[in-house]
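Have a look at the structure below before the remarks.
Throughout, read-outs are computed from the coordinates displayed, never taken from laboratory work. Everything quoted here is computed from the prediction, not taken from an experiment. Backbone-built Cβ (ideal geometry, glycine too); neighbour counts: all protein chains shown.
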Amino acid sequence: MIHKYFIIILICIKPLLLFSQPEIKAVFTKKAPAIDGFVTEDDWKNGAVINDFYQREPKTGEPITEKTEFLFLFDQNNIYIGIRCYDDPRGITAKELARDVSLGEDDRVQVIFDTFLDGRSGYWFQIGPRGSIGDALINENGKDFNKSWDGIWDGKARITDHGWEAEMIIPFKTIAFKINVTFNPDGTWTYEEDTVLQIQGQSDLFHHTDKNILTKIAEPTPNPLALKN
């Protein structure tokens with residue numbers, strides 16, 4: 001039986017599309033988890049968790065039928081995602097092993113990063129219970145789905161006694177962007193963003209720009225990624 005789980009920023013899949021809790025904050029870690037498909041390392045105990053899911057299909061707004069958890073960590077170079085999909089192992093559909101193949105008939109996890117916060121474009125990552133991975137660039141609210149893009153990242157997955165688990169490591173340089181911020185006299189901030197990515201195996205660069213004005217709503221907090229003098 002195939003299940004589908006869906007969230008924006010991320011997604012675990014069995015034909016059950018899900019909504020999740022609206023916001024979490026990833027946790028900084030000094031020790032990177034081993035990416036082996038087992039979400040059992042001590043580091044994951046401190047990971048930020050998404051586990052509050054609701055169905056979009058077939059029963060919109062009702063709680064999910066299978067327990068599902070997403071965990072998030074990051075360090076100076078990468079963001080790490082751990083996934084636990086609880087299920088009867090006998091009901092898991094997992095046939096594919098290769099990269100960038102269709103997992104339309106398999107259980108699967110999909111993660112979408114909306115790094116531009118525009119609700120229209122993003123970076124799409126997918127992994128199946130046997131470790132098949134795939135990726136794509138999304139533009140024009142999903143009308144442009146470019147699966148020829150091969151980002152630099154990795155993922156592992158394994159079927160367990162209680163369902164299946166997966167881990168992803170996504171370098172920030174794969175979804176990197178530059179932002180220039182100007183502090184204006186009236187208290188607002190103006191930012192200009194310019195994203196340029198080198199895509200593995202392609203000579204052309206992926207390029208995106210944006211400009212906007214922000215209003216300060218609170219004092220800033222220390223950034224654990226900031227370099228110390």
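First measure r as the distance between the Cβ atoms of residue 76 and residue 189, then evaluate 1/(1 + (r/R0)^6) with R0 = 35 Å and state the FRET efficiency to the nearest 0.05. That gives a FRET efficiency of 0.90. For region 146-176 versus region 59-75, the spacing of their alpha-carbon centroids is 17 Å. The 3J(HN,Hα) values that the Karplus relation (6.51, -1.76, 1.60; θ = phi - 60°) gives for region 145-150 are, in residue order, 10, 9, 7, 6, 5, 10 Hz. Gly and Pro appear as x.
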